[in-house]
Amino acid sequence: METFINPKSLFHLLLLPCLLLYSSIAYNSSPVEAAMHTNNWAVLVCTSRFWFNYRHMANTLSLYRTVKRLGIPDERIILMLADDMACNTRNKYPAQVFNNENHRLNLYGDNVEVDYRGYEVTVENFLRVLTGRHETAVPRSKRLLSDEGSHILLYMTGHGGDEFLKFQDSEELQSHDLADAVKQMKEKHRFKELLIMVDTCQAATLFNQLQSPGVLAIGSSMKGENSYSHHLDSDVGVSVVDRFTYYTLAFFERLNIYDNASLSSLFSSYNPSLLMSTAYYRKDLYKRRLEEVPVTNFFGSVMETIHTDAAYKALSRRNSGRFEDEMSLDQSVHHIKRRMLIKVNDGDEIHDINPELLQGEEGASKCPWSTFRKKFQKAENVDSLLNYGLVAMIPLLVISTWLVQ
Amino acid sequence: MAETKEKSLSDEKPKPRVRPIVRLGIFLISHSFLVSVVCCTAGVLALFLLPVLAKNTYISENALMPGSASPMLSNQHVSDGNRLVKDLTNPNSKSSETGIESHKIIAQYMLDLGAEVSFHKFHPQMNQFHPLHFFSSPVSGKIQENYSCSSYGINTVGIIRAPRGDGKEAIVLVTPYNALKSGFGEALSLGIAYSVFSLLTQVTWLAKDIIWLVADSQYGEYAAVAAWLREYQTPKFSSLSTPNAEMCPDVNNLFELKGHSISGSKFSNSFRRAGTMAAALVLKVRDQNEQFEDTISIYAEASNGQMPNLDLINVVNYLAVHRQGLRVNVEKLWPLLNSSWLKSLGEIFESLAKVAKSLYPKWKFGIPATEYVEGTATLASSLYYQALGVPTGPHGAFRDYQVDAITLEISPKFSLDKVWRNDILLRGGRLIEGVIRSVNNLLEKFHQSFFLYLLTSPSKFVSVGVYMIAFALLIAPLPMVAASLYVDANSSSNCSKGDSSTPSAITDTDEHGIAIRSWRWLNSAKLVFIVHLWGAIVSLLPYFISQIPDCSPTTSFMIWVLLSILSLLTLNSVLASPLACAKATQEKEWALVKSVTISSVFIGLGLMSVINFATAEIGALLMVPMCLLARPLKLDVRAGTLRSFCRLICNLVLGHIAFPPAAFFLLKGMLDGFGNANVGDFWMWVESLWAWNSATYLFIDLTWRAHAVVAHQSCMMFWNLDVLVLSL
């Protein structure tokens, strides 16, 4: 009798700390898949200097205005402008920037917050913004503080070529760099969905290396094509807007924050004969159907609203959702452990990590693990789990002391 | 051919392998005659093909964006300009004998616009020959001593500061103006400049300061601009080195008086500066004109064949043609336009191009015959002015400070009509405005486009990569012929030695003998060096001759000739041995002398092509055939065959043509008719060359020397003085 009970109690003693450890892991790690779209961010980059690149700044500022109008607040927009056209001495209209020769709209009004300006706009800073690896002194307003529920719009314009985008007339962002940064973002759960929009020559080539899921990319031109400016403002003396951006803006000008236009309607609005280039979009990494995704998911800040009866129900629902996620992760961690055990038993077997498959396997295998697992599934939360554990320890202690005596 | 080559290769197999490049070299040297004929012909042909190969100009610098902004110059500004023209042409303003009144008027107009105004007094600098200053900058250590207080010029300078600019850069607008005898054209050019200036005081888009220099051209346009630039670029910090102008009391008084009479706080007596100059435009309006439409002529050549960046010409050309509807001209050699042989050459090229196109439709290089003739005439003038090294206008002064500048000369079709005057003011003003706005957009110095080019029309150019081919082909035979001559001379002397001496006698002296023989070319080199030395003396002589007061060009030239002969005689007597001995012992070694001469000519031409391509090209055209054909006359006379006779005639003719004075007279005769040619002209021409520190003068000196050497070896049978007899 003694010999029978002893190992089991020891086993229990060993198992408990393990359980506690698992639960703590489950607390810290965040869910990957099922996060809700909770916020919107926009990173708008104009990469080129010099007066004759006026249009790039106008492009970026126009888009800045659009996303602001559609509801993304200033603190969630990172605006990077490589040069200051508004105060350029060659500007006939000091402190004003126009994107149309009718001069009806001053893009550089009172309410523009430029986060990175002039020589701050470098490849390094751009990658730092994306990956969130800043020096400690960088203020929060200059950081992309997105999380796993963020939809991010990344808009870039400048001079580009085959798989690169020129920054500041001195350095380049390569498609590898971009893909790498996006991958890091994915790993660090910095976005849920990412829309990359690029208006340069041969923009499509910039997306060649992207691999991370949840990324949708659209470029103004295919490989070997140029992206052209839309028109020249003979009063200011420069071209003021690029074609791709011009028609993008034309699409958005018709919309307001409540419109439900889909991304596919935006993408199909590009007319190659008007653009003088072929707009290219890459959607193989993107799961959702474009017809079902409203543009305001990226260009605005429109969340899915959940109607509830009670005032704080929404919050609790969010909590419960979170808990479910935690549980599933808990399971998966468990599965991994289990899998390792199985592997020890019969190493040739190849197991998928897919929870359903594992579940099926569990039904077949009858080992003491399954009872614990079921207990876990039934458990309301981790606190109660902890309590269970402690409660389970009391009889254990009693029994062991009794046995020793 | 290929078979024989293979055969020879297979024969040579047992020998140690020679590297292909060496084998090629040996092959070329052994066939040097054929190679030189082919290369020279190809070189000349390539030169005539250049107009066909010319490319269309394009604006290379993105920042310029000419014509992207609509002109802002309105009729208001034009009427401002008209007011100034009226005031200047008003007879009252010319009452003052120094022309100071009109400068006051201009200054007052500038002040009214709110510009900073200052006067710049300068003393015209006498053109002096500085034998050692050919490539130094014009500033370097020129000490000016004798100022006469009576002669001085006044430049009026107006500066607009860019309202939001950093003041680090400036654009210069120059209008030459002679207050004493100004034509209507000059007044009109001031009117155009003023209307632009009045616009620029109002605009908000200036990034660079604008300097308007009214250059007092009574001592020449170039002198005034050069004096102002010298002052601008070399600030004087200590009071000790203040210019001597202030030492003349009467001048100072005038100045003071003027200062008082002009109202305005922005007037200053001190020299005013703005930033570094991005570009400069010299604006002129021609008085009389026989053209049927408004044309604008561009002059770009600066000293020593330097050109402004092609982008500047492109911008002006683009704006004039596409925005203001003016016809753009560049200088042409007019006599060439009517030459029938060029026309037929053009037709040949045209038909060749047609044939080529019919064979392969993608070949499109033909141009119409008339276009070809015009292109050639433009190219020839482009070559000529670059080769001459004398700037074609006041813009040349800017190039000495690495500022891109051109002269625009507007030739309107009618004159004095009021409507027409407004029209030309408006169009000229808008053109200037457009160019200034375009240059204003510039972020760096002009650097994108070409600096080394030849124009074949205002919108077509031949770049350095193309025209160098013609030159390279032309001089390629020189080293080959030199090498082959050297090899021949060595081998033939070896043979003769081998025949004369017994085989046993050679053995101990052999190595020593070879060593001596391999250095034998030094004798020839010494001879060539002495002749070059003489050439150097001859070229330095004018410096001393020019010191002689009151000398007409003809007498100067005669003195020069006499002194040259004298110097040769002196040299001959002092260093008699080499020259005298040459006749006796080196009669057979003419080949070595020729080889050394050709090498030195090759080196000289090669170096010159780096300094000034056009000079080198023209020099090569003259000297290469002469050098290649040169042969002692005695040998040809002795041989007495038809071939040698032809060669003799060729030698004599080429020897005469390539002699610089002869070439000059021939050219002048061809262009102007032989009646006008005068011995003094050459003197004046040479004088102008050294006055402008033209490297061409050095080059002519080089030509002279090479010619002397060739002539010397050609006439080795005569007494040495025959060099000169033949030459003159």
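The values are calculated or read from the model by the stated rules, or taken from the named source; none is laboratory data. Model, not experiment: these values are computed from the prediction. So basically every Cβ, Gly included, is an ideal-geometry build from the backbone, and we count neighbours across all protein chains shown. We work out accessible area using only protein heavy atoms, side chains counted, and drop any ligands, DNA or RNA first. Shrake-Rupley method; radii C 1.70, N 1.55, O 1.52, S 1.80 Å.
Just tell me how shielded B:438-446 is by partners: mean number of partner chain Cβ atoms within 10 Å of each residue's Cβ, no decimals.
Counting other chains' Cβ atoms within 10 Å and averaging over B:438-446 gives 2.
Compute accessible area for segment A:227-247 by itself and then with all protein chains, 1.4 Å probe, and report residues whose area falls by 20 Å² or more.
Relative to the lone chain, where solvent access is computed with a 1.4 Å probe, segment A:227-247 loses at least 20 Å² at A:L232, A:S234, A:G237.
For segment A:33-110, what is one quarter of the convex hull surface built on the Cα atoms, given in nm²?
Dividing the Cα hull surface by four gives the mean projection, 6.3 nm².
Could you work out Rg/(2.2 N^0.38 Å) for segment A:39-299, with Rg from alpha carbons only?
Output field value: 0.92.
Taking the highest mean first, how do the peptides B:372-384, B:73-85 order by number of other beta carbon atoms within 10 angstrom per residue?
Most protected by this proxy first, the peptides run B:372-384, B:73-85.
Greater than 32 Å separation of Cα atoms is the criterion. Which listed pairs, A:K92/B:K236; B:K343/B:K418; A:K166/A:K192; B:K208/B:K332, meet it?
Listed pairs above 32 Å: A:K92/B:K236; B:K343/B:K418; B:K208/B:K332.
Please average, across the residues of A:87-93, the number of beta carbons from any other chain that are within 10 Å of each residue's own beta carbon, and give a whole number.
That average works out to 6.
Mind ordering B:303-315, B:471-483 by average Cβ neighbours within 10 Å, highest first?
For the peptides B:303-315, B:471-483, the packing ranking is B:303-315, B:471-483.
With a bin width of 10 angstrom, please list the P(r) values of segment B:357-435 as percents of all Cα-Cα pairs, from the 0 bin to the one holding the largest distance.
Spelled out bin by bin, segment B:357-435 gives 13, 23, 27, 25, 9, 1 percent.
Can you check what the Kirkwood hydrodynamic radius comes to for segment B:14-61, Cα pairs only, in Å to one decimal?
14.2 Å is the Kirkwood radius here.
Over the heavy atoms of A:R55, what accessible area does a 1.4 Å probe trace out, to the nearest 10 Å²?
For A:R55, the solvent-accessible surface is approximately 40 Å².
List, by residue number, every residue in segment B:196-229 with a reduction of 10 Å² or greater in accessible area between the chain on its own and the complete protein assembly, 1.4 Å probe.
B:T204, B:W205, B:A207
Over 5 Å intervals from 0, what percent of Cα-Cα pairs in segment B:307-351 sits in each interval?
Once binned at 5 Å, the Cα pair distances of segment B:307-351 give 5, 17, 15, 14, 13, 17, 17, 1.
Over 22 Å between Cα atoms, which of A:K223/B:K55; A:K223/A:K283; A:K142/A:K283 qualify?
With Cα atoms farther than 22 Å apart: A:K223/B:K55; A:K142/A:K283.
How big is segment A:226-284 on each of its three principal axes, counting only the C-alpha atoms and giving the largest first in Å?
Ordered largest first, segment A:226-284 gives principal extents of 38, 27, 17 Å.
Starting from the 7 Å offset along Cα-to-Cβ, what nm value, one decimal, do you get for the label separation of B:S340 and B:R17?
According to this spin-label approximation, the distance is 6.1 nm.
Students often check this: by mean Cβ neighbours within 10 Å, which of B:338-348, A:198-208, B:197-207 ranks highest, and how do the rest follow?
Ranking, from highest mean packing down: A:198-208, B:197-207, B:338-348.
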